[in-house]
Structure formats: C-alpha cells, structure tokens
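Everything on this sheet refers to the single structure shown next.
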Amino acid sequence: MRNYRVTGPVEVPQHTLAAMSTRMVSHRSAGFRELIGAITPRLGTLFGTEGAVLPLTCSGTGGIEAVAASLLRPGDRVLSVQLGYFGERFADIATHHGAQIDVLAAPWGQIVPTERITERLALGYDAVLLTHNETSTGVIAPLGEWARAIRAVSDCLILVDAVSSVAATEIGFDALGLDAVVTVTQKALACPPGLSLVAVSERALARAAEPGEGSYYLNLARAAEHARQGTTTYTPALSVLYALDTALAEIEKEGVETVWERHDRTALRCREALRAQGLTVVPDEANSSPTVTAVRLPAPADAERVREVLAAEHDVWVSSGRGPWKSEVLRIGHMGPVDPDDVDACALAIGVALRSAATPVGVARTGV
Ligand SMILES: *Cc1c(COP(=O)(O)O)cnc(C)c1O
C-alpha cells in the first residue's frame, strides 16, 4: 500500500472521501445552516476559541492573503518573524498589500529567540506575523511563549500561519490573545484541499470592517457577517465541508487531546527511526515539529534521486527539501491519522534507498 508521507495534501481516510459524495444543498438553505452550525463550534475547539472561525474557499495561501488584505492597511508597520520559506511568503503577501515589513529571521532549522521579538516590538508595530509550524524546516515555534511575551509588551495584532499545526497540536487562540490564525483542510485535518479556515478575534473583525480592505473576495468582514447568518459569502467548497464534518467526528471520537499527543508520539517515533538508520534530524529536539520531520542525508547523497528511488522501489512518498535544503534534505509528513508503523517503514525505506541510490533506478529495477 502507498505510504504517502508528503507534507500535503495528505492521505485522506476512505470514510472522509466517501462523505464527499453527499448531495448538494444551497448555501442559503436550512440544511446548510445546520451543517455549518455544527462545524464551526467544533473547529473552535481545535483553535481554542469561542469566537469566529471562518471557512474560505481557497487554499491556505488564500486564507493568509485574506488576513493580510483584511487586517493590514498600506503603510502599517509589520514585524515578520521568519523560520523558513512559509514565513518569507507570509511577509511577501503582506508586502503585496502595502505593509512596511521588518524581518526577524532565524537560520533555517532554528527558531527566533523570544526576547529578540519583544526587543523589536518595543519599537512599535501594528502587527506581527508568526509561523507556528514551519513546514519547510520541520520546526515548531514556541507559540505560547512568543504570544505571552508579545502581549506583555505590545497590543499589536498577532497574525499566525498555523496551516500545518491546527488539529495536530494545541493553539490556545483565546487564552493567548491571538488575532488571526489560519489553517487549511488538506494538512492535519486530513481532508481534501479546498477550504482555508481562519480564526479571527473581535478586535481583528472590527479592524477588517474599517475602510480600505484590500480584497473583494478574500474579505473577512463580509465572511464574518455571513457566518453570523449561518452561511458563506459565496458558494463554498461544499463537498470539502462534508469531508470536514466527518473528519471532525473522527477527531472527537479519538479525543482532541489524544490526537495532539498522538501527533507528538508519531513524530518522536519518526525521529527515532531515522536516527536508527544513522541519519540526522535537522532541528533540535525541543523545536521538532509534530507534523513534519526534516532529515539531512549524508553527503554526497542527492535528495531528489533518493526521493525517486523511494517512490519507484518502495511506494514511499516524501517531500523534498525547499530552497537552500533542496539537494540534501527530505521532509516526511505525519499529519492526520497516520499509522506509526508507516513512519517506521518510511525511515527504513530511506535507509535502504540511500544504500541503493548509487545504482541507477533502471538497473535496480531489473533485479525485481
Ligand atoms: C502548506 C502550507 C501553506 C500553504 O498552503 P496552501 O494550501 O498550499 O496554499 C502555508 N503555510 C504553511 C506553514 C504550510 O504548511
């Protein structure tokens, strides 16, 4: 069976896929109000909020753009805390919407120390952009520690890309005083792509309703207005909402906190299995992500080549490194209901593939 360990879209359980064959209803109907009315508060549990969680029909990048377009205004001073590729992209999107960005970046594979953030924020900013789980490096940020420290020195908007962490670990939206947190269906929620889910604070919604918003479609104020009426602004990805309803029921059956612990355990098992193959996990143990493991291959291994061998010979699918890590790092995804045996099998296959990667794929195949 395919061992699909990419960082998204992830493998979707059969019953979640089956839910997508449910019949269409109008998003202006009582049936839809019931569906969305059942989904939203349960999403709130995952984010840790009793406030609005808005479903937008777009990928995660769309949710992030909705946040930038609705909550930032041209000339706003924004601090971008970057741990890798997705942190850079968040800043690009904010820049596109006219924000004046200052960057605080960690070397890839590391985090930005909390006191560096609070020192900078003392200079006065309208918003800070954070990445909770940096999918490009396999690093999880200490979001709780960051947010509490930020709140102690600044009342700036705290805007968080949590695309690859919501449903895999605790967020604590209300308790931490966050203003916007973005996730998506195709990562730890283990649904097909199609919806971005955005938790928004009351004061962020008030800001969104002020004139000067930068997007007609990705408009959080209008989305919130419609959510209050049990509908969406425009036609939603309805089939993905059916999938989400089922996926949430599965998470509740297991227990939200059990799901979070399971992600930690599976990630730990993945790191241990890789080390047992003599390989190096890039981030420090303390910052290692519960959903993505970045493993460095010994030189002169060619990561792209190893990835090909893994797929062709083992039916194991992983993601390549990004940017500066392209040729030497593989990223293993373990989001959603992953069988721990699959991360063991993946690590083992990487070990075998590394040893056989010196042999061209065609030659290796003739032996099968
Ligand atoms: C996947 C991902 C995104 C982008 O999401 P899309 O749905 O591909 O637009 C953004 N940020 C992080 C951290 C991600 O893992």
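For residue 330, state whether it is under 19 Å from residue 355 (Cα atoms) and either open to solvent by less than 20 Å² (accessible area, probe 1.4 Å) or modelled with pLDDT of 95 or more (or both). Here the answer is yes, as residue 330 does meet what is asked. Kindly establish whether residue 117 is assigned by TED's automatic domain parsing to the domain that holds residue 203 and under 22 Å from residue 209 (Cβ atoms). No; evaluated as a whole, the condition is false for this residue.
Go through the residues of segment 121-128 one by one and say whether even a single one is within 16 Å of the ligand (Cβ to nearest atom) and either among the basic types (Lys, Arg) or at positive phi (or both). So far as segment 121-128 goes, no, none of its residues is within 16 Å of the ligand (Cβ to nearest atom) and either among the basic types (Lys, Arg) or at positive phi (or both). You will find that of 101, 111, the residue that is open to solvent by 30 Å² or more (accessible area, probe 1.4 Å), at pLDDT 95 or above, among the aliphatic types (A, V, I, L, M) and part of a loop (DSSP other than H, G, I, E, B) is 111 and no other. For segment 227-255, residues that are more than 22 Å from the chain's Cα centre (by Cα), crowded, with 17+ Cβ neighbours inside 10 Å and assigned to a helix (DSSP H, G or I) total 1.
Between 109, 44, 75, 48, the distinction of being in the same structural domain as residue 242 (by TED's automatic domain parsing) and within 16 Å of the ligand (Cβ to nearest atom) belongs to 109 only. Taking the conditions (1) buried (at least 21 other Cβ atoms within 10 Å of the Cβ); (2) of a type in the set (A, V, I, L, M, F, W, C); (3) farther than 28 Å from residue 205 by Cα in turn, residue 281 satisfies each one other than (1). Cβ-Cβ distances below 6 Å connect the following pairs, each with a first residue in segment 314-325 that is part of a helix (DSSP H, G or I), a second residue that is open to solvent by less than 20 Å² (accessible area, probe 1.4 Å), and a separation of six or more residues or different chains: 314/349. Restricting attention to segment 115-145, the residues that are buried (at least 16 other Cβ atoms within 10 Å of the Cβ) and in a loop (DSSP other than H, G, I, E, B) add up to 9. Of all residues in segment 148-183, exactly one satisfies the criterion of being surrounded by 18 or more Cβ atoms within 10 Å (Cβ to Cβ), without any contact (Cβ under 8 Å) to a residue 40 or more places away in the chain and of a type outside the set (A, V, I, L, M), namely 154.
The residue that is least open to solvent (accessible area, probe 1.4 Å), among those in segment 51-63 that are part of a helix (DSSP H, G or I) and either more than 12 Å from the ligand (Cβ to nearest atom) or closer than 20 Å to residue 292 by Cα (or both), is 60.
Determine, yes or no, whether residue 186 is within 16 Å of the ligand (Cβ to nearest atom), open to solvent by 20 Å² or more (accessible area, probe 1.4 Å), in contact (Cβ under 8 Å) with a residue 24 or more places away in the chain and closer than 29 Å to residue 321 by Cβ. Yes, satisfied.
For segment 279-286, the criterion of being assigned to a helix (DSSP H, G or I) and modelled with pLDDT of 95 or more is satisfied by at least one residue.
The values are calculated or read from the model by the stated rules, or taken from the named source; none is laboratory data. All figures in this text were calculated on a predicted structure; none of them were measured in a lab. Positions of Cβ are backbone-derived with ideal geometry, glycine not excepted, and every protein chain shown enters the neighbour counts. Protein only, heavy atoms only, side chains kept; ligands, DNA and RNA dropped before computing areas. Shrake-Rupley method; radii C 1.70, N 1.55, O 1.52, S 1.80 Å.
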